[in-house]
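Just below is one structure, and these are the notes that go with it.
The values are calculated or read from the model by the stated rules, or taken from the named source; none is laboratory data. Treat the numbers as computed from the prediction; the structure is a model and nothing was measured. Cβ sites come from the backbone with ideal geometry, for glycine too, and all protein chains shown count toward neighbours. The accessibility values were calculated without ligands, DNA or RNA, using every heavy atom of the protein model including side chains. Shrake-Rupley method; radii C 1.70, N 1.55, O 1.52, S 1.80 Å.
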Amino acid sequence: MTMTTAEADKILSANFAPWVLELGLSVEALDSHGPGTRATLRLPWSDGLAREGGALSGQALMAAADTATVIAVSAARGAYGPMTTVQQSTSFQRAVTGSDVLIEAVVTKLGRRMAFADITMTDERSGDIAARASTVYALLG
């Protein structure tokens with residue numbers, strides 16, 4: 001079953017804590033064809049997410065990567081189901097200032113009990129990669 005971006009946005013609004021919703025994430029694209037399901041989310045620039053010096057905080061990027069993984073795994077499974085983060089590793093490559101960030105999560109392996117994903121976070125204005133992450137999820141239902 002193919003999930004639409006509207007269905008994925010409903011997963012966001014129904015299943016995430018209020019502080020995550022305050023990030024303003026929106027689902028830009030879903031692709032469940034080919035070797036890995038992909039979900040692309042937009043993290044809009046906000047001065048409220050900037051740290052001292054004006055760069056987007058790493059915490060906001062990490063939360064966006066974690067959230068994008070839930071959407072990608074849900075799309076790969078055809079629907080949302082309970083899951084939890086087991087591991088997340090993030091490497092920051094450059095600061096983002098004054099630009100939205102596109103968060104692309106790619107499911108690299110989907111098993112019955114575990115899911116794995118790689119995430120790329122790109123400064124939309126420059127096209128430069130700001131950070132990369134990898135996640136492991138336990139599938140609970």
(message) Looking at Thr85, Thr67 in this structure, which one is within 20 Å of Gly141 (Cα to Cα) and surrounded by fewer than 16 Cβ atoms within 10 Å (Cβ to Cβ)?
(response) Thr85
(request) Only residues that are in contact (Cβ under 8 Å) with a residue 60 or more places away in the chain and either open to solvent by 10 Å² or more (accessible area, probe 1.4 Å) or hydroxyl-bearing (Ser, Thr, Tyr) (or both): list them for the range 39-48, please. (result) Thr40, Arg42
(request) Enumerate the pairs (first residue in the range 49-62 and in contact (Cβ under 8 Å) with a residue 60 or more places away in the chain and open to solvent by less than 80 Å² (accessible area, probe 1.4 Å); second residue anywhere and part of a loop (DSSP other than H, G, I, E, B) and of a type in the set (A, V, I, L, M)) with beta-carbon separation below 9 Å, excluding pairs fewer than 6 apart on the same chain, so at least 6 apart or on different chains. (result) Leu56/Ala95; Leu56/Val96; Leu61/Val96
(message) Checking the conditions here, which among Gly36, Gly24 is open to solvent by less than 30 Å² (accessible area, probe 1.4 Å), out of contact with any helix residue (DSSP H, G or I) (no Cβ under 7 Å at 6 or more places or on another chain) and not charged (D, E, K, R)?
(response) Gly36
(request) Output the residues belonging to the range 102-139 that are among the small types (Gly, Ala, Ser), within 12 Å of Ala65 (Cβ to Cβ) and without any contact (Cβ under 8 Å) to a residue 24 or more places away in the chain. (result) none
(message) open to solvent by less than 40 Å² (accessible area, probe 1.4 Å) and of a type in the set (Ser, Thr, Tyr): is that true of Thr90 in this structure?
(response) yes
(message) Please go through the range 10-21 and give me each residue that is free of Cβ contacts under 8 Å to residues at least 40 places away in the same chain and touching a helix residue (DSSP H, G or I) at 6+ places or on another chain (Cβ under 9 Å), ordered by number.
(response) Ser13, Trp19, Leu21
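Residues checked against (1) within 26 Å of Val96 (Cβ to Cβ); (2) outside any helix (DSSP H, G or I); (3) modelled with pLDDT of 95 or more:
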| site | (1), (2), (3) |
| --- | --- |
| Thr2 | no, yes, no |
| Ala6 | no, no, no |
| Gly24 | yes, yes, yes |
| Pro35 | no, yes, no |
(message) So, in the range 94-110, how many residues would count as being open to solvent by 30 Å² or more (accessible area, probe 1.4 Å) and either within 14 Å of the chain's Cα centre (by Cα) or more than 21 Å from Ser46 (Cβ to Cβ) (or both)?
(response) 6
(message) Criterion first (modelled with pLDDT of 95 or more and surrounded by fewer than 20 Cβ atoms within 10 Å (Cβ to Cβ)) does Thr135 satisfy it?
(response) no
(request) Give Gly48, Gly36, Gly58, Gly53 a once-over and let me know the one that is under 30 Å from Arg112 (Cβ atoms) and more than 10 Å from the chain's Cα centre (by Cα). (result) Gly36
(request) Look through Ala79, Ala64 and report the one residue that is out of contact with any Phe, Trp or Tyr (no Cβ under 6 Å at 6 or more places or on another chain) and part of a helix (DSSP H, G or I). (result) Ala64
